[in-house]
Amino acid sequence: MTDTQATGYDCLSSRPVSEGEWRAFLLDCFEVAEWQLFVGHEDRVAEGLRDVPQDVVFSVFCTYREAFGHFVMGFSVSIEGWLVDRVGRLEFAERFAAHFDAYVLYGDTEPPGLWTLILADGQRLRVAMDEGEDRCVLYAATAPVPGLPGIRVDEGLWQLK
């Protein structure tokens, strides 16, 4: 048994993913059984859990929602500690980006107000963005973001602590 704490991977994606695609990806990514996984739209979680006994604990619990701006979907994947040791936050974002040919925004150890953007080819950029209610628009990145030519390139973002 691991001592690693359970955690959550909260990200934004440039590509929408259907519930079926989510299921297949998460089952493969974390190598868990179907009964250990919950996937549902965040507005329909209660409906999705209606027939599930209250004492059931899912090893992987994923909710997703629509987003706007440079991202079309936000998601939260909560996982048990033993799965953190199997697939860390960065590896998860990289796998998602490559699998779905998307760019993925996530945060881990960046300075306040900055994020990491993983491109489908695995390249990592540091980015700054304006946030509103479910609306996130990038305005600066350490390198060009494919498909988003209006974003200012600022390599100095790597220097911010």
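The values are calculated or read from the model by the stated rules, or taken from the named source; none is laboratory data. Note that the structure is a prediction, hence the values are computed from the model and not measured. Positions of Cβ are generated from backbone atoms using ideal geometry, with glycine treated the same way; all protein chains shown enter the neighbour counts. Ligands, DNA and RNA are stripped out before the accessible areas are found, and what is left, the full protein with its side chains, is counted by its heavy atoms. Shrake-Rupley method; radii C 1.70, N 1.55, O 1.52, S 1.80 Å.
Per-residue SASA remark: residue 73, around 10 Å² accessible (1.4 Å probe; ligands, DNA and RNA not included).
Extension gain for residue 109-residue 31 works out to 25.4 nm (0.36 nm per residue, less the C-alpha to C-alpha distance). Which residue fluctuates most in the GNM of the chain (Cα springs below 10 Å): 113, 147, 132? Comparing 113, 147, 132 in the GNM, the peak value goes to 147. Against the main long axis of the alpha-carbon atoms of the chain, helix 19-30 sits at an angle near 90°.
Computed from the C-beta positions of residue 160 and residue 123, the FRET efficiency with R₀ = 22 Å rounds to 0.70.
When the square roots of the Cα gyration tensor eigenvalues are ordered a ≥ b ≥ c, the ratio a/c for segment 1-116 is 1.5 or more and a/b does not exceed b/c, which makes its shape oblate. Each Cα pair under 8 Å and six or more residues apart adds its separation to the average, and for segment 12-161 the resulting relative contact order is 19 percent.
Extension gain for residue 131 to residue 49 (0.36 nm times residue separation, less C-alpha to C-alpha distance): 26.4 nm. Fully extending the segment from residue 6 to residue 148, taken as 0.36 nm per residue of separation minus the present Cα-Cα distance, adds 47.6 nm.
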